[in-house]
Amino acid sequence: MRAVRPEGFEETYRAQQARFPMAEPGWQPVHTVYVPADRFSAGTVSEWGDQALSLVKAHLAGPYELGEVFGPAEGLAAAVHGRVLRKLSAEPIEDLRIDFEDGYGVRPDAEEDEHVARAAEAVAALHAAGALPRRWGPRVKSFADGDPERAVRTLEGLVAGVVERVGELPGGFTVTFPKVLMEAYLGQFAEVLERLEAAQGVPRLRFEMQVEAPQTLAFLRGELAGALDGRLAAAHFGVFDYTAAIGLPPHEQRLDHPVCDHARHVMQTAFAGTGVELSDGSLAAAPASDSARDVHGLWRRHAELVEHSLRHGFYQGWDMHPAHLVSRFTTVYAFHLARYDGYRERVRAWEERRAAADGLMDEPATIRTLTAALRRADAALP
């Protein structure tokens, strides 16, 4: 006899699938590079790559030096060093934001309009040269600052300028929407994107929200992505605004502070299974000089923070200086490579219905996590 299904089950199950698609991880950039709009040009990507390669050649000549600075064993250091060199030569920036917010500041309208036009020209030139990063777009000003018109004007001007010069909006376009202090701003910004699509005839536009205040944590929840009709692509943590809003003293405003761990865990809890990507924040520091001591010190500190993010399940972060590319890629590649063979063996043991090394008997949930980690590594490693 067939059991009777509970009343309303199908509707609830469809809602579950829509809200929590539980998709397997695909490619996600390991970083987002933020460049103030007035400093952005068609040469930005190559310049960052050249500067990072110069630092490697000067201060990280081979696997031995990489092991001394970052810690991987000899065999792993050699594998990582080669990958970092190839990456910096071929694709130094995976995700680029043209920053019209904190990194840019408040300017007269005419000046910002001019930088919008220059940015559109630079994007068109990068696209023509095949050098536009796989993801790119602007960070506009926050609605919380009380001037939504400026944010919308910049966004509309950049999209229109790129479409006019290229003939279309190149793939990978994403907008970063900062300082979301009120939930209603998200819906209002989604409406802006919908109107912009109609006006410019461009494909569906998505955006990233920034979590930069404790007030924002209160309205993060799983159905938020669905409520915005799927336009919410990611949530990025803003360490300095957040720690300032919490009241931490300046010397404690750092990514590895416990209050940041709490905020990131709330983000993970809210968006688990929704497909909304998560990104950590940045280190606001550059090498104090060109000396090996200062460059190595910066790399070690940045690597600690990147490793902290990775261990806490945040696989993307912000990079603010060409030196960060070296420590970012080195740490990410070492993190994935150090565990790759062991993870693969555990999955194989599960498939063959036997215990893995050291007698490990993994649960199905662990196998799903191991498989996801292998997919994530395959997507990240060059």
Between the alpha carbon centres of segment 126-155 and segment 1-55 the gap in Å comes to 18 Å
GNM result for the chain, Cα springs below 10 Å: residue of Val80, Val159, Val192 fluctuating most strongly
Val192
First check a/c for segment 1-155, with a ≥ b ≥ c the square roots of the eigenvalues of its C-alpha gyration tensor; if it is under 1.5, answer rounded, and if not, answer prolate when a/b is larger than b/c or oblate otherwise.
oblate
Spin-label proximity, Tyr13 to segment 333-370 - amide N less than 12 Å from point 7 Å beyond Cα toward beta carbon:
none
Starting from the Cα of Ala78, step 7 Å along the direction of its Cβ; do the same at Leu217; then give the gap between the two resulting points in nm.
4.6 nm
Sequence gap at least 6, Cα distance under 8 Å: using those rules, report the relative contact order of segment 5-88 to the nearest whole percent.
20 percent
Heavy atoms of Arg118: accessible area, 1.4 Å probe, square angstrom to 10
120 Å²
Expressed as a rounded percentage, what relative contact order does the chain have, with Cα pairs under 8 Å and six or more residues apart?
20 percent
On the formula 1/(1 + (r/R0)^6), with r taken between the Cβ atoms of Arg39 and Glu168 and R0 of 30 Å, the FRET efficiency rounded to 0.05 is 0.70
Roughly how many Å² of Arg165 are accessible to a 1.4 Å probe, to the nearest 10?
100 Å²
Using a simple charge model, +1 on the beta-carbon of Lys and Arg, -1 on the beta-carbon of Asp and Glu, nothing else, what dipole does segment 199-347 show about its Cα centre, in debye to the nearest 20?
300 debye
Using 1/(1 + (r/R0)^6) with R0 = 51 angstrom and r between the beta carbons of Gln188 and Glu352, what's the FRET efficiency to the nearest 0.05?
0.45
Farthest toward the dipole's positive end in the chain, which of Val295, Gly222, Ala357, given Cβ charges of +1 (Lys, Arg) and -1 (Asp, Glu) about the Cα centre?
Ala357
Label Ala117 and Asp147 with points 7 Å out from Cα along Cα→Cβ: what is the distance between them in nm?
1.9 nm
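The values are calculated or read from the model by the stated rules, or taken from the named source; none is laboratory data. Everything quoted here is computed from the prediction, not taken from an experiment. Neighbour counts are summed over all protein chains in view; Cβ atoms, including those assigned to glycine, are modelled from backbone coordinates with ideal geometry. For the accessible areas, the whole protein counts, side chains as well, though only heavy atoms, and no ligand, DNA or RNA atoms are used. Shrake-Rupley method; radii C 1.70, N 1.55, O 1.52, S 1.80 Å.
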